[in-house]
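The values are calculated or read from the model by the stated rules, or taken from the named source; none is laboratory data. Keep in mind the model is a prediction, meaning the values are calculated, not measured. Here the Cβ positions follow ideal geometry from the backbone for every residue, glycine too, while neighbour counts run over all protein chains shown.
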Amino acid sequence: MIKNYTALKNNLFIYVITFLLLGSGCKKEYTPVSMDKIRLSWNYNPATTITIGWDQIGGENPKVYYGTKDKGKDWKKYKYSQKPTREVNELNMKTRFCELNDLLPNTAYYFVIKDSEWITDRYWFKTAPDKPEPFTCIVGGDTKSVEPSLSAGRYSNQMVSKLRPLFVLFCGDFTSYDATDPDHWALWLSDWFELTKTEDGRLFPIIPVMGNHERKYDGILNVVFNTPYQHDDPNNSYYSLSFGGNFVHITALNSELWPIDQQTDWLERDLKSAENFTFKFAAYHKPFRPHTIGKRENMALYYKWAYLFNEYGLDISIDADSHMSKITFPVVPDSINGYEAFVRDDLNGTMYIGEGSWGAGHRDNDDDKPWTLRSGSFNQFKWLHVFPKSENEEAHVDIRTVITSIRDSTKTSISHVEGVTPLSEGNVFAIPEGVNLFSTEPYGEVITYPFVDKKK
Ligand SMILES: [Fe+2]
């Protein structure tokens with residue numbers, strides 16, 4: 001990471017020299033750097049669309065040049081081009097969004113962005129399959145803008161580039177305090193761009209979810225990531241995306257929006273519409289039943305959503321907020337007989353995973369329940385390998401907890417990422433050498449959903 005910033009500083013120096021040379025009559029086509037903080041997000045159909053966002057620092061008339069053939073920085077050779085489809089001038093950034101449509105599913109796309117002054121490096125991304133195909137994704141949440149959490153978040157970012165997921169589902173709390181500080185967002189977006197990209201220029205789409213830190217800035221996820229919203233109000237930041245035809249449906253909810261009945265009605269309609277999907281995931285920020293005693297129980301949210309999850313057969317619930325790690329056995333809500341209102345039910349239950357410690361300082365895992373499969377205290381995210389039914393096996397999700405850093409006695413974040421061998425593009429389902437996976441004994445490092453308890 002330090003290397004990256006040193007390189008950035010060196011590059012800036014070169015760019016200034018280039019600019020001065022140009023001024024003195026030397027011939028060069030572009031004067032960098034006029035665009036940065038490039039990020040991808042999935043707002044609509046992930047098989048055929050993507051949104052490319054960036055900060056337009058200088059220059060004019062930017063355009064994305066893209067296609068399925070890698071033409072490097074030779075922008076004229078790309079088959080397609082697209083002007084920004086939306087401009088947002090907030091948070092001291094000139095954010096430009098380019099929504100690309102009519103893309104081919106399960107396909108690599110290469111692109112550069114060129115404006116009147118400069119052309120970016122060549123980057124690339126992959127669209128999602130439009131029929132059931134195996135994929136991997138990373139789910140997590142909670143980063144901070146100050147040390148030592150800042151470093152911990154950067155280590156998790158670096159791990160993304162090593163694992164090459166189809167996408168990252170980020171369950172809220174991006175910055176410290178209340179997300180109104182432009183410097184915090186600039187830092188977050190620069191880190192995301194610089195540290196999650198791979199050496200061969202692959203960028204990974206983010207699916208953002210609202211956290212409590214984002215509450216005070218109206219429509220913040222739409223401002224930063226072009227995220228969809230409901231009922232013509234950017235503050236109604238909740239939406240859903242479908243992957244692989246009717247393979248996986250992901251509902252990105254907003255636990256921070258009260259009153260919540262309008263969203264709950266929408267949730268019921270959304271889950272109903274996804275009844276024939278193989279897997280249904282829901283993502284939101286605040287756990288119903290946190291696994292650290294310092295966090296409040298969220299029973300109001302539980303009564304609104306937990307029974308709906310059960311009624312419509314939600315498979316996996318993903319949360320964050322507490323800054324630690326948990327994975328539960330499949331559970332069903334039972335507010336009368338359950339322990340903390342849940343009962344283990346391996347056959348019919350929803351598995352609850354998450355509690356978010358992408359970068360934020362990890363809290364103690366001191367509030368386990370009888371239905372907790374395993375909890376832990378470290379910086380981490382969950383790495384999901386999702387498989388459709390095949391000749392040899394039933395559809396299933398392999399869940400691993402990837403430890404990205406642990407704080408030592410002086411509260412310094414110690415990286416568990418540096419020694420990890422990056423996966424190659426053709427081998428994204430492998431387990432990389434050197435990765436620190438949390439051992440969920442007696443079940444080992446991988447928990448498979450649907451859950452069959454072989455230890456019983
Ligand atoms: Fe939070």
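Residue under question is residue 131, and the condition is that it be without any contact (Cβ under 8 Å) to a residue 24 or more places away in the chain and either out of contact with any helix residue (DSSP H, G or I) (no Cβ under 7 Å at 6 or more places or on another chain) or within 30 Å of residue 393 (Cβ to Cβ) (or both); does it hold? Taking the combined requirement at face value, the residue does not satisfy it. Limited to the stretch 203-224, what total is found for residues that are in a helix (DSSP H, G or I) and under 13 Å from the mean Cα position of the chain (by Cα)? The total comes to 1.
Name the strands (runs of 3 or more DSSP E) wholly inside the stretch 93-185 in which the number of residues that are crowded, with 18+ Cβ neighbours inside 10 Å, within 16 Å of the ligand (Cβ to nearest atom) and of a type in the set (Phe, Trp, Tyr) is 1 or more.
167-170
Reported count of residues in the stretch 196-214, each being buried (at least 17 other Cβ atoms within 10 Å of the Cβ) and within 15 Å of the ligand (Cβ to nearest atom), is 6. Whenever a residue of the stretch 320-347 is more than 21 Å from residue 377 (Cα to Cα) and free of Cβ contacts under 8 Å to residues at least 60 places away in the same chain, its partners that are away from the ligand (no atom under 16 Å from the Cβ) and hydroxyl-bearing (Ser, Thr, Tyr), lying with C-beta atoms within less than 6 angstrom and at least six residues away or across chains, give the pairs 333/307; 341/335.
Could you list all residues from the stretch 294-319 that are among the aliphatic types (A, V, I, L, M), under 24 Å from the mean Cα position of the chain (by Cα) and in a helix (DSSP H, G or I)? Correct list: 301, 306. Which one of the conditions (1) within 22 Å of residue 444 (Cβ to Cβ); (2) within 16 Å of the ligand (Cβ to nearest atom) does residue 378 fail to meet, given that it meets all the rest? Residue 378 satisfies every listed condition except (2). From the list 356, 361, the lone residue that is within 16 Å of the ligand (Cβ to nearest atom), in contact (Cβ under 8 Å) with a residue 60 or more places away in the chain and surrounded by fewer than 24 Cβ atoms within 10 Å (Cβ to Cβ) is 361. Please specify each residue of the stretch 370-411 satisfying the condition of being among the polar types (S, T, N, Q) and out of contact with any Ser or Thr (no Cβ under 8 Å at 6 or more places or on another chain). If the condition is that a residue be among the polar types (S, T, N, Q) and out of contact with any Ser or Thr (no Cβ under 8 Å at 6 or more places or on another chain), then 390, 392, 409, 410 are the ones that fit. In the stretch 294-316, the residue that is surrounded by the fewest Cβ atoms within 10 Å (Cβ to Cβ) out of those that are away from the ligand (no atom under 16 Å from the Cβ) and either modelled with pLDDT under 95 or under 20 Å from residue 440 (Cα atoms) (or both) is 315.
If you go through the stretch 442-451 one residue at a time, do you hit one that is farther than 30 Å from residue 331 by Cα, hydrophobic (A, V, I, L, M, F, W, C) and out of contact with any Gly (no Cβ under 9 Å at 6 or more places or on another chain)?
Here is the first cut: in the stretch 442-451, the ones farther than 30 Å from residue 331 by Cα are none.
Looking through the stretch 442-451, none of the residues is farther than 30 Å from residue 331 by Cα, hydrophobic (A, V, I, L, M, F, W, C) and out of contact with any Gly (no Cβ under 9 Å at 6 or more places or on another chain).
Just the residues that are more than 16 Å from the ligand (Cβ to nearest atom) and closer than 19 Å to residue 212 by Cβ, please, taken from the stretch 318-336. Matches in the stretch 318-336: none. Looking only at the stretch 249-293, count how many residues are within 16 Å of the ligand (Cβ to nearest atom), over 18 Å from residue 399 (Cβ atoms) and outside any loop (DSSP other than H, G, I, E, B). Adding up the residues that qualify gives 1.
Whether any residue in the stretch 220-228 is assigned by TED's automatic domain parsing to the domain that holds residue 352, surrounded by 22 or more Cβ atoms within 10 Å (Cβ to Cβ) and of a type outside the set (A, V, I, L, M, F, W, C) is what I want to check. Within the stretch 220-228, one or more residues are assigned by TED's automatic domain parsing to the domain that holds residue 352, surrounded by 22 or more Cβ atoms within 10 Å (Cβ to Cβ) and of a type outside the set (A, V, I, L, M, F, W, C). Residue 144 - would you say it is in the same structural domain as residue 41 (by TED's automatic domain parsing), of a type in the set (Lys, Arg) and over 21 Å from residue 422 (Cα atoms)? Spelling it out, it is not the case that residue 144 is in the same structural domain as residue 41 (by TED's automatic domain parsing), of a type in the set (Lys, Arg) and over 21 Å from residue 422 (Cα atoms). Return yes or no: is residue 420 surrounded by fewer than 18 Cβ atoms within 10 Å (Cβ to Cβ), touching a Lys or Arg at 6+ places or on another chain (Cβ under 7 Å), of a type in the set (A, V, I, L, M) and in contact (Cβ under 8 Å) with a residue 60 or more places away in the chain? No, not satisfied.
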